[in-house]
2 protein chains.
Amino acid sequence: MTALAKGRIAPQSGTAFEVKKGQLLKITDPFGEQVCDLMCYRLQDTEEWLSSGRTLDYAGSWLIRQGHVLYSNRSNPMFTILKDTCGRHDFLLTPCSLEMFHKLYHHQGHHPSCHENLYTHLQPWGIGPDRIFTTFNIFMNVQLQPDGKLTVEPPMSKAGDWILLRAEMDLIVGLTACSAGQSNNGRFKPIDWELLEPEQQALRL
Amino acid sequence: MTALAKGRIAPQSGTAFEVKKGQLLKITDPFGEQVCDLMCYRLQDTEEWLSSGRTLDYAGSWLIRQGHVLYSNRSNPMFTILKDTCGRHDFLLTPCSLEMFHKLYHHQGHHPSCHENLYTHLQPWGIGPDRIFTTFNIFMNVQLQPDGKLTVEPPMSKAGDWILLRAEMDLIVGLTACSAGQSNNGRFKPIDWELLEPEQQALRL
């Protein structure tokens, strides 16, 4: 039983590919405590895009996990989360960007970022830097306090944790192995992905 | 002392206008418990837009209020919140839309929505329905629970509560008087706005 396609995203890099309706996307954190930012668009019309605000509203939840549906700006299902061995992800923050490293961490010069790693890999589909919205930040652990405080803590994911998404429409998907030290407990690791046919995954669950 | 411009947004409707850098925008809830969704874009290049994710990240807070800066997708300040007599707003959810009324409330046929009220008024600047992102939902009271649950509660705003924003760049601003019953404690009320020069407002604070 082999995957339709699979890959390992090197630390602090990214990738993008097409996923057809019904196909399954499995994303694995092979070494633990590594965030993967996901952005997606309808293949046939990239003006339809993953919407954090719609997803949270329909879920009635600010924590998105197994059983939840990721919705587009046009209120159509894009992905359903079939399985999730970690259970803690973020859908509030935007991908780390060069400007963020300058502003929050006073970094000087170039720094790899999820924002750059998404738009450079999505460029073949005509998606530029201003069309990266709030990403689904898989394995990212954002903690909120009642007084409003928001902090980024080490991921709760352990080596081998994975999430399985079913595509509900034809999609272009961008993925990263996140480049921000604070989000990944200070160590940059790869992210693994596999694209599976439904009947293949049925045998694995 | 007169405002440069002012208006009353009728219940379940919206408006849009230009604001120049340095000008002040005062938004008032004249009767209490009424939400106003705000979206904005750089006047000279509407590919630069208000970003919830960037704003929350830079604020280190999921509650955005007095003293916070609203950032663009390019990490530039768009507005600074100079004064806020309510202190409770939402920056997680997208505007209510026709599809949302169908999906969440099983409404049939047309229903006024902040989404439609924004894109119809922003159309003269070339901004269409797919370019309404997560709005700053002034006076909206979204409550989050540690287990993930998210609920929309009656606004905490009382009659006459207001928020004062200073434009940090030239902007196109869309505003609404929200059309969703659940967000406004079941009664649809207007929203007042005033555009002021800095020296005018200095005398009022």
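The values are calculated or read from the model by the stated rules, or taken from the named source; none is laboratory data. This one's a predicted model, so the numbers in the text were calculated from it and none came from an experiment. Every residue, glycine among them, receives a Cβ derived from its backbone with ideal geometry; neighbour counts consider all protein chains shown.
Values as computed for the structure displayed
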item	result
Candidate set from segment B:30-39 (those that are crowded, with 19+ Cβ neighbours inside 10 Å and in a loop (DSSP other than H, G, I, E, B)); member that is farthest from the other protein chains (Cβ to nearest Cβ)	B:Gly32
Test for B:Leu118: is it within 13 Å of chain A (Cβ to nearest Cβ), farther than 24 Å from B:Thr15 by Cβ and surrounded by 14 or more Cβ atoms within 10 Å (Cβ to Cβ)	no
In segment A:166-205, the residues that are outside any loop (DSSP other than H, G, I, E, B), farther than 21 Å from A:Glu153 by Cβ and at pLDDT 95 or above	A:Arg166, A:Ala167, A:Leu171, A:Ile172, A:Val173, A:Gly174, A:Leu175, A:Asp192, A:Trp193, A:Glu194, A:Leu195, A:Leu196
Answer residue from segment B:103-128, given it is in contact (Cβ under 8 Å) with a residue 12 or more places away in the chain and among the aliphatic types (A, V, I, L, M) and is farthest from A:Ser72 (Cα to Cα) among those	B:Leu122
Looking only at segment B:91-110, and only at residues there that are in contact with a helix residue (DSSP H, G or I) (Cβ under 9 Å, 6 or more places away or on another chain) and not in a loop (DSSP other than H, G, I, E, B), the one that is farthest from the other protein chains (Cβ to nearest Cβ)	B:Tyr105
Residues that are assigned to a helix (DSSP H, G or I) and touching a strand residue (DSSP E or B) at 6+ places or on another chain (Cβ under 6 Å), drawn from segment B:125-156	B:Trp125, B:Asp130
Scan of segment B:73-102 for residues that are polar (S, T, N, Q), without any contact (Cβ under 8 Å) to a residue 40 or more places away in the chain and farther than 19 Å from A:Ser75 by Cβ, ordered by number	B:Asn73, B:Ser75
So B:Thr135, is it under 14 Å from the mean Cα position of the chain (by Cα) and within 14 Å of another protein chain (Cβ to nearest Cβ)	yes
Residue check for A:Gln23: more than 14 Å from chain B (Cβ to nearest Cβ) and not hydrophobic (A, V, I, L, M, F, W, C)	yes
Residues that are of a type in the set (Gly, Ala, Ser) and buried (at least 24 other Cβ atoms within 10 Å of the Cβ), drawn from segment A:121-164	A:Ser157
Count of segment B:150-167 residues which are more than 14 Å from every other protein chain (Cβ to nearest Cβ) and of a type in the set (Asp, Glu)	1
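Rundown of residues vs (1) of a type outside the set (Asp, Glu); (2) farther than 15 Å from B:Met140 by Cβ; (3) modelled with pLDDT under 95; (4) exposed (fewer than 15 other Cβ atoms within 10 Å of the Cβ), yes/no style:
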residue: B:Thr2; (1), (2), (3), (4): yes, yes, yes, yes
residue: B:Gly7; (1), (2), (3), (4): yes, yes, no, no
residue: B:Val19; (1), (2), (3), (4): yes, yes, no, no
residue: B:Thr28; (1), (2), (3), (4): yes, yes, no, no
residue: B:Ala59; (1), (2), (3), (4): yes, yes, no, no
residue: B:Ile64; (1), (2), (3), (4): yes, no, no, no
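To keep it simple, each residue is scored yes or no on (1) assigned to a strand (DSSP E or B); (2) within 8 Å of chain B (Cβ to nearest Cβ); (3) under 14 Å from the mean Cα position of the chain (by Cα).
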{"residue": "A:Tyr41", "(1), (2), (3)": "yes, no, yes"}
{"residue": "A:Glu47", "(1), (2), (3)": "yes, yes, no"}
{"residue": "A:Gly53", "(1), (2), (3)": "no, yes, no"}
{"residue": "A:Leu56", "(1), (2), (3)": "no, yes, no"}
{"residue": "A:Gln66", "(1), (2), (3)": "no, no, no"}
{"residue": "A:Tyr71", "(1), (2), (3)": "yes, no, yes"}
{"residue": "A:Arg74", "(1), (2), (3)": "no, yes, no"}
{"residue": "A:Thr80", "(1), (2), (3)": "yes, no, yes"}
{"residue": "A:Lys83", "(1), (2), (3)": "yes, no, no"}
